[in-house]
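A.B. asks: One structure, as structure tokens, below. Some questions next.
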């Protein structure tokens, strides 16, 4: 299983770590798989991360699949509750570990601790980029920083149109189009419909 927690572990170490997690728990489609105070790793199947707004409406943030982890940010510290729900979209098998389990793993396998901290550091940098994008002064800067925050390997495939981009950035569509043109003319991006390449 490809999971960031297991990077750079030997086969022996990996076997020990997997044994420490115990047996995976079977989950049926539609069940909420998040457990407050536990880290979860999807062994098989898919789930969606949903966020509940102040009005009670639920928005799907992203999908997660085999090898992906949830609950990492809420495992340590006093504040365990969150506004997210993680719902199985297929039958799943999930490994769970409590804070106590992870502390033991960190002591026995320091590389797991390094992998965990690296993951959280990357998430903090990602969230900082998102904050920068939404607090940017000019429309051009705001759009560019948003595209940077969404990029994977220098490419952004929005998966939605300009109306939705306008709504997400709280900018008028004419401002979006002008900002795209400015970024293209400056050589910072190239665009093909709703796909952007960061130059």
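A.B. asks: Could you sort 25-33, 84-92 so that the peptide with the highest average Cβ count within 10 Å comes first and the rest follow in order?
C.D. replies: Packing order, densest peptide first, comes out as 84-92, 25-33.
A.B. asks: Can you give me the three principal axis dimensions of the range 18-111 from its C-alpha atoms, in Å, biggest first?
C.D. replies: 44, 30, 18 Å, listed from the longest principal axis down.
A.B. asks: Taking the 0 to 90 degree range and rounding to the nearest ten, how far is the long axis of helix 173-185 tilted relative to the main principal axis of the chain, both from C-alpha atoms?
C.D. replies: Approximately 90 degrees, to the nearest ten.
A.B. asks: Using only Cα atoms, tell me the angle between helix 110-135 and the longest principal axis of the chain; keep it within 0 to 90° and round to the nearest 10.
C.D. replies: Taking Cα atoms only, the helix is inclined about 20 degrees.
A.B. asks: Still on this structure, I have one more. With an 8 Å Cα cut-off and a minimum separation of 6 or more residues, compute the relative contact order for the chain in percent.
C.D. replies: 20 percent
A.B. asks: Quote to one decimal, in nm, the extra length available between residue 10 and residue 78 on full extension: 0.36 nm per residue of separation minus the C-alpha distance between them.
C.D. replies: Gain in length upon complete extension: 21.2 nm.
A.B. asks: How large is the helix-only mean residue ellipticity at 222 nm for the chain, computed as the sum of -39500 (n - 2.57) over DSSP H runs with n ≥ 4, divided by its residue count, in deg cm²/dmol to the nearest 500?
C.D. replies: Here the helix-only value at 222 nm equals -13000 deg cm²/dmol.
A.B. asks: Assuming 1.567 mPa s and 4 °C, estimate D for the chain with Stokes-Einstein, Rh taken as the Kirkwood radius over Cα pairs, in µm²/s.
C.D. replies: Using the Kirkwood radius from Cα pairs, D works out to 68 µm²/s.
A.B. asks: Follow-up. Run the quick spin-label model on residue 32 and residue 57: label points 7 Å from Cα toward the beta carbon, then report their separation in nm to one decimal.
C.D. replies: 2.0 nm
A.B. asks: Rank-order 63-74, 177-188 by packing density, defined as the average count of other C-beta atoms within 10 Å over each peptide's residues, highest first.
C.D. replies: 63-74, 177-188
A.B. asks: For helix 139-150, report the angle its Cα long axis makes with the longest principal axis of the Cα atoms of the chain; keep it between 0 and 90° and round to the nearest 10°.
C.D. replies: Taking the Cα atoms of the chain, the angle to 139-150 is about 30 degrees.
A.B. asks: So how far apart, in nm, are the two label points at residue 168 and residue 48 if each is 7 Å from Cα heading toward Cβ?
C.D. replies: Label at residue 168, label at residue 48, 1.6 nm between them.
A.B. asks: Among rounded, prolate and oblate, which fits the range 126-198 when a ≥ b ≥ c are the square roots of the eigenvalues of its C-alpha gyration tensor, a/c under 1.5 means rounded, and a/b larger than b/c means prolate?
C.D. replies: In terms of gyration-tensor shape, rounded.
A.B. asks: Let me ask something additional. Residue separation times 0.36 nm, minus the C-alpha to C-alpha distance between residue 185 and residue 141: what's the value?
C.D. replies: Net length gain for the segment: 14.4 nm.
Read-outs throughout are calculated quantities, based only on the coordinates presented, and are distinct from any laboratory measurement. Owing to the predicted nature of the structure, the values given are computational and were not obtained by experimental measurement. When we count neighbours, we look across all protein chains shown, and the Cβ atoms used for this are built from the backbone with ideal geometry, even at glycine.
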